[in-house]
Amino acid sequence: MNVSELGDHLPGAGGFISTVSPACNGDLVDVRLDIGGPLPATITPRALKDLALTEGAEVLAMVKSVSVSLGSGLNGCGPISVLH
């Protein structure tokens, strides 16, 4: 997919995955992106596997607005966003 086709990506949101760790509830995975600043996200283990996400991988951050919730994020038991 061409990045120009994506309508809901964050401008300048290209970056890399700085950390991947188990979420506090054990059913999800916390991922911290570095896009010029930290962007925490909580995803499913299936998304981690299907997208082949690993520390250091280059990524483009996108926001699915129906999945965004404000919370403490990484290891604080409050997801910032969940990718299914």
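Find out how many positive minus negative residues lie around residue 23, taking Lys and Arg as positive, Asp and Glu as negative, among other residues whose Cβ is under 13 Å from that of residue 23.
Once all neighbours under 13 Å are counted, the net charge is -1.
Spin-label point model (7 Å from Cα, Cβ direction): what's the residue 52 to residue 21 distance in nm?
2.7
Taking every pair of alpha-carbon atoms in the range 16-58, give the share separated by more than 12 Å as a whole percent. Mind dumping the intermediate values first?
Working: 493 of 903 pairs.
So the portion of pairs separated by more than 12 Å is 55 percent.
Read-outs: derived from the displayed coordinates by stated rules, not from any lab. Every value quoted in this text rests on a predicted model; they were computed, and no experiment measured them. Note that each Cβ is placed from the backbone with ideal geometry, even for glycine, and that neighbours are counted across all protein chains shown.
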